[in-house]
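Comments concern the structure below.
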């Protein structure tokens, strides 16, 4: 007697699943075992986060990218732990299902593991995030290890690490050449060994990202790292076309919100100047 192969349980899918509880790092690990790809977006406020949560995005990153696209800084470097904590709390309040990952900004973990634990503890206790993210491979392994031992899940971040923009002299592709590729692979293995539940690969050659994805048993999250990563992340203002100026090569824009909002603002202004707004239906008597 033969038995038909059991169909995968779609209710467990990170994207499109029916479970209403919070996504956890165990769900992320299970998705890797199933070979399931999943999306991640940044979020910086409760309203936007609620839209992404309702759309089924399983992981939201309160990234220090808020410095560039939300707070008006020229880079991520000036972002403070107070700012990350406040906005992470807003994103947590605006969501019901997504795993919320809070970034540790520059200067909050570089001194060592104890500083990293102190900073991460604030994000977990005050903001309610389900995990934290920090940059660096081998150099950050001790920080990752202590956080994980203390019960705080960690998403690592290697390749192009924006907090190191001054050292890099910009935002160049990382991992090109035999020596650089070998170092990135060592970094990936180091963060996995330290206990990270996932690792972001930013702006690295697609072939190298594919090799890292094959070697690791934790999920890789690509941003400018090709199609073979287990997940993909974008800064939401890039994805939705809200940012002005140059768009990075790896970004696909799925809307043109800057134009939509601009047109709405102009229409409102013209209605006010022309006397069309407020109309009688907008008045109280």
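Please treat every number below as a calculation from the coordinates, not as lab data. Here the structure is a predicted model, which means the values were calculated and not measured. Glycine gets a Cβ as well: all are built from the backbone with ideal geometry, and neighbour counts include every protein chain shown.
More than 20 Å from residue 28 (Cβ to Cβ) and in contact (Cβ under 8 Å) with a residue 60 or more places away in the chain - does that describe any residue in region 215-222? Walk me through how you get there before you give the answer.
Going through region 215-222, the residues more than 20 Å from residue 28 (Cβ to Cβ) turn out to be none.
No, that holds for no residue.
This table checks each residue for (1) over 24 Å from residue 146 (Cβ atoms); (2) over 16 Å from the mean Cα position of the chain (by Cα); (3) without any contact (Cβ under 8 Å) to a residue 40 or more places away in the chain.
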position	(1), (2), (3)
35	yes, yes, yes
40	yes, no, no
51	yes, no, yes
62	no, no, no
111	no, yes, yes
124	no, yes, yes
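Among 260, 272, 247, which is the only one that is closer than 28 Å to residue 75 by Cα, without any contact (Cβ under 8 Å) to a residue 12 or more places away in the chain and in a helix (DSSP H, G or I)?
Working: 272 fails: closer than 28 Å to residue 75 by Cα; 247 fails: in a helix (DSSP H, G or I).
Among 260, 272, 247, only 260 is closer than 28 Å to residue 75 by Cα, without any contact (Cβ under 8 Å) to a residue 12 or more places away in the chain and in a helix (DSSP H, G or I).
Kindly evaluate residue 227 against the criterion of being within 20 Å of the chain's Cα centre (by Cα) and either closer than 28 Å to residue 101 by Cβ or in a loop (DSSP other than H, G, I, E, B) (or both). Give the steps one after another, and end with the answer.
Working: within 20 Å of the chain's Cα centre (by Cα): yes; either closer than 28 Å to residue 101 by Cβ or in a loop (DSSP other than H, G, I, E, B) (or both): yes.
Answer is yes for this residue.
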